[in-house]
Amino acid sequence: MVKKVLFDTDVLIEELRLKDKETTFKILKSQKAKLYISSISLTELWAGESITKPKGKRQVAQLLKEVTTIPLTNQILTRAGGELRNDRNLYLADALVAATALIKKLPLVSLNRRHFEKIKGLNLYDIQLPHTN
């Protein structure tokens, strides 16, 4: 059982879309893991289509009460820049999320593992969900 995790944005989107099903978020929350997100994920959530309606805004705000947001620091930004130099196909947002996980020494939970598999030293936390089998 993991004690702390950093979620990629896609895990939070899954939770918003599948609120009545077992999700990665619910499983880790039930295991009493400390849940973190990068401030880039916070930005992506507020920019997403989930908040186009008042109900969506409330759902996002409620979900964010259950996680701790890690702000971007110079150390994280520098590490993300290095990751972008190493892999020109890496997206900026993914580089920032990965750098946050690396600097804070947190396992990263993502439903898009292929975005992160080439990043050396990154601990990708694997969880199997009933609805994905």
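Rule-based calculations on the coordinates, nothing more; no lab input. If you're wondering where the values come from, they're calculated on a predicted model, not measured in any experiment. Glycine also receives a Cβ, built like all others from the backbone with ideal geometry; neighbour counts cover every protein chain displayed.
Just one of (1) in contact with a Ser or Thr (Cβ under 7 Å, 6 or more places away or on another chain); (2) part of a helix (DSSP H, G or I); (3) under 23 Å from Val2 (Cβ atoms); (4) without any contact (Cβ under 8 Å) to a residue 60 or more places away in the chain trips up Val97, so point out which.
Just one mismatch for Val97, condition (4).
Considering only the stretch 79-94, state which residues are over 14 Å from Lys104 (Cβ atoms) and assigned to a helix (DSSP H, G or I).
Hits for the stretch 79-94 are Gly81, Gly82, Glu83, Leu84, Arg85, Asn86, Leu92, Ala93, Asp94.
Select from the stretch 1-35 the residues that are crowded, with 20+ Cβ neighbours inside 10 Å and among the hydroxyl-bearing types (Ser, Thr, Tyr) and write down the one among them that is nearest to the chain's Cα centre (by Cα).
Thr9
Restricting attention to the stretch 71-93, does a residue exist that is in contact (Cβ under 8 Å) with a residue 12 or more places away in the chain, within 28 Å of Leu18 (Cβ to Cβ), in contact with a Ser or Thr (Cβ under 7 Å, 6 or more places away or on another chain) and surrounded by 13 or more Cβ atoms within 10 Å (Cβ to Cβ)?
No, there is no match, as no residue in the stretch 71-93 is in contact (Cβ under 8 Å) with a residue 12 or more places away in the chain, within 28 Å of Leu18 (Cβ to Cβ), in contact with a Ser or Thr (Cβ under 7 Å, 6 or more places away or on another chain) and surrounded by 13 or more Cβ atoms within 10 Å (Cβ to Cβ).
Show me the helices (runs of 4 or more DSSP H) entirely contained within the stretch 9-58 in which 3 or more residues are out of contact with any Gly (no Cβ under 6 Å at 6 or more places or on another chain) and under 17 Å from Arg113 (Cβ atoms).
Counting at least 3 such residues, we get 9-17, 24-30.
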